[in-house]
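Q: Below is the structure I would like to discuss, written out as structure tokens.
The values are calculated or read from the model by the stated rules, or taken from the named source; none is laboratory data. Just so it is clear, the model here is predicted, and its values are computed rather than measured. Methodologically, a virtual Cβ is constructed for each residue, glycine included, from the backbone with ideal geometry; neighbour enumeration extends over all protein chains shown. All accessible areas refer to the heavy atoms of the entire protein, side chains included, with ligands and DNA or RNA removed. Shrake-Rupley method; radii C 1.70, N 1.55, O 1.52, S 1.80 Å.
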Amino acid sequence: MPTNPNAGPRILLALTGGIAAYKSAELARRFVKAGCDVQVVMTASAQRFIGAQTFQALTGKPVRASLWDEAAEAAMGHIELARWPDAIVIAPATANTLAKITHGLADDLLTTLVLATDKLIFVAPAMNRLMWANAATQANMATLRARGVRVIGPGSGEQACGEVGEGRVAEPEDVAKAVLGALARSTASPAIDGPLSGRRAVVTAGPTREPIDPVRFITNRSSGKQGYAVAAALRALGAQVTLVSGPVNLPTPAGVTRVDCETALDMLDATQAACATADLLVGTAAVADYRCVEIASQKIKKQRDTLELQLVKNADILTEVRAAQPQLFIVGFAAETERLAEHARGKLVRKKLDLIAANWVGDGRAFDRDDNQLTVYWAEGEQAIGPADKADIARQLAALIAERLLAAPRAPAAARRPARKRTP
Ligand code: C5P
């Protein structure tokens, strides 16, 4: 009988009634294999698709299926069970169960557990494409996400009903990865209660370095101070923060995961990867607009009086991420030396940003200093922040970001996920 030799995370794996329920046997197996203590809960309809015995065999624990099971309740009451896990994972999650948990119904064991828990909740929706696309489901998903429920998938492809579209449950491997990854991160940096609790933020910071030859590079004056302060401020509001940092000389803020990179291309890759599961991106980095077409393999010798470097434009990270993630809340920065409002608003529209924080640069302002002054613009408004030190600016900016993010319900992260191929 499987046990939990590694005393890993406790997972309450809940199945609702969909044909995709059979895939959750593989999911249970993966959790057990990863050392998790797994308790399965099934709704009445889930049991029509797959037998409870399968899960008992895989997890070594009887499946819980009813609020009215006296023996099970005596062993561990449903309120206690709601507090027991590190995460509740509902896979597959039907449109019906998603609607019920959105509205706080508690008419069976699963919905009661969800209402009575304060732990991380993951859902892997699975349904017909039209049910998924229905405005009611989409509104429910937006509400759930806004409350911090993590949505995994769905993917696109051929469906059990024979139609083709979005609504296929995420593959067990992907669900396991998302859940275990999030649990590992939340243990590494304990939860902070705040308006951004349960949200994942990515912050780019610092300059990039574009190599010319093995010893030289093109860079700029960015110190990374503002970005590091924004990362710390978002963390203080409860977000799980990944800081994608160019080369700077700053300590990593407490509780923040830092990914170091050097060139704009590295930063693009790291940011895309981090944003795949994020709710929010703040681009404070001063990314080089151009890189060398060719990087000399040997140090360039001082020979001619003039030297020409041919440069090619770097991709704009925010634009690329926006193209991949239409629902992500993206905040850009605009450093301007003239016509601040006009240029900043232009970038807001061009890069399809939700907010842009603009500051005057030049004449020793903003770059490599401890103080700053911003005007933040969004489609319907603007707000001046500062002058103040960068930490204070970051706190005010983070509060504004939280306010705007929570005011604008997002479509589910699932809508941002790449299509998956059908598996046999
Ligand atoms: O277009 P400009 O460089 O002025 O825009 C500044 C904003 O765009 C900043 O948020 C910066 O981090 C971001 N940016 C980017 N990728 C680039 C250049 C800038 O994400 N290649």
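Q: Just give me the residues in region 87-121 being among the aliphatic types (A, V, I, L, M) and in a strand (DSSP E or B), in sequence order.
A: Within region 87-121, the first condition is being among the aliphatic types (A, V, I, L, M), and the residues that meet it are 87-91, 93, 95, 98-99, 101, 105-106, 109-110, 113-116, 120-121.
Across region 87-121, the qualifying residues are Ala87, Ile88, Val89, Ile90, Ala91, Ala93, Leu120, Ile121.
Q: Cys275 - would you say it is over 29 Å from Gln383 (Cα atoms) and more than 10 Å from the ligand (Cβ to nearest atom)?
A: Here the answer is no, as Cys275 does not meet what is asked.
Q: Of everything in region 105-119, what is open to solvent by 40 Å² or more (accessible area, probe 1.4 Å) and within 25 Å of the chain's Cα centre (by Cα)? Give them in sequence order.
A: Within region 105-119, Leu115, Asp118, Lys119 meet the criteria.
Q: Among residues belonging to region 330-344 that are open to solvent by less than 30 Å² (accessible area, probe 1.4 Å) and part of a helix (DSSP H, G or I), point out the one that is farthest from the ligand (Cβ to nearest atom).
A: Filtering first and then ranking leaves Leu340.
Q: Is it the case that Gly77 is surrounded by fewer than 18 Cβ atoms within 10 Å (Cβ to Cβ), of a type outside the set (A, V, I, L, M, F, W, C), out of contact with any Pro (no Cβ under 6 Å at 6 or more places or on another chain) and under 18 Å from Val149 (Cβ atoms)?
A: Answer is no for this residue.
Q: Scan region 207-241 for residues that are in a strand (DSSP E or B) and surrounded by fewer than 20 Cβ atoms within 10 Å (Cβ to Cβ) and report the count. Quick ask: steps written out before the conclusion?
A: Looking only at region 207-241, we keep the residues that are in a strand (DSSP E or B), and these are 207, 210-213, 216-218, 240-241.
From the residues that got through so far, the ones that are surrounded by fewer than 20 Cβ atoms within 10 Å (Cβ to Cβ) too are 211-213, 216-218.
The qualifying residues number 6.
Q: Further question: For the structure I just gave you, tell me whether Val244 is in a strand (DSSP E or B), within 14 Å of the ligand (Cβ to nearest atom), under 18 Å from Ala182 (Cβ atoms) and not polar (S, T, N, Q).
A: no
Q: Could you identify the single residue in Gln310, Gln327 that is more than 16 Å from the ligand (Cβ to nearest atom), modelled with pLDDT of 95 or more, out of contact with any Pro (no Cβ under 7 Å at 6 or more places or on another chain) and open to solvent by 20 Å² or more (accessible area, probe 1.4 Å)?
A: Only one candidate passes the filter, namely Gln310.
Q: Taking into account only those residues within region 247-276 that are of a type in the set (Val, Ile, Thr), surrounded by fewer than 19 Cβ atoms within 10 Å (Cβ to Cβ) and assigned to a loop (DSSP other than H, G, I, E, B), which is modelled with the highest pLDDT?
A: Restricting to residues being of a type in the set (Val, Ile, Thr), surrounded by fewer than 19 Cβ atoms within 10 Å (Cβ to Cβ) and assigned to a loop (DSSP other than H, G, I, E, B), the top hit is Val248.
Q: Restricting the search to region 23-42, which residues are in a helix (DSSP H, G or I), open to solvent by less than 10 Å² (accessible area, probe 1.4 Å) and modelled with pLDDT under 95?
A: Of everything in region 23-42, just one residue is in a helix (DSSP H, G or I), open to solvent by less than 10 Å² (accessible area, probe 1.4 Å) and modelled with pLDDT under 95, namely Phe31.
Q: Restricting attention to region 288-307, report how many residues are in contact with a strand residue (DSSP E or B) (Cβ under 6 Å, 6 or more places away or on another chain) and either within 12 Å of the ligand (Cβ to nearest atom) or among the aromatic types (Phe, Trp, Tyr) (or both).
A: 3
Q: Restricting the search to region 178-220, which residues are within 19 Å of Pro253 (Cβ to Cβ), in contact (Cβ under 8 Å) with a residue 60 or more places away in the chain and of a type in the set (Asp, Glu)?
A: Within region 178-220, no residue meets the criteria.
Q: Right, here's the next one. Determine if region 348-365 includes at least one residue that is part of a loop (DSSP other than H, G, I, E, B), more than 13 Å from the ligand (Cβ to nearest atom), open to solvent by less than 80 Å² (accessible area, probe 1.4 Å) and under 28 Å from Val248 (Cα atoms).
A: The answer is yes; a qualifying residue exists.
Q: Let me ask you something else. Given the criterion in contact with a Gly (Cβ under 6 Å, 6 or more places away or on another chain), at pLDDT 95 or above and polar (S, T, N, Q), identify the matching residue among Thr112, Thr94.
A: Thr94
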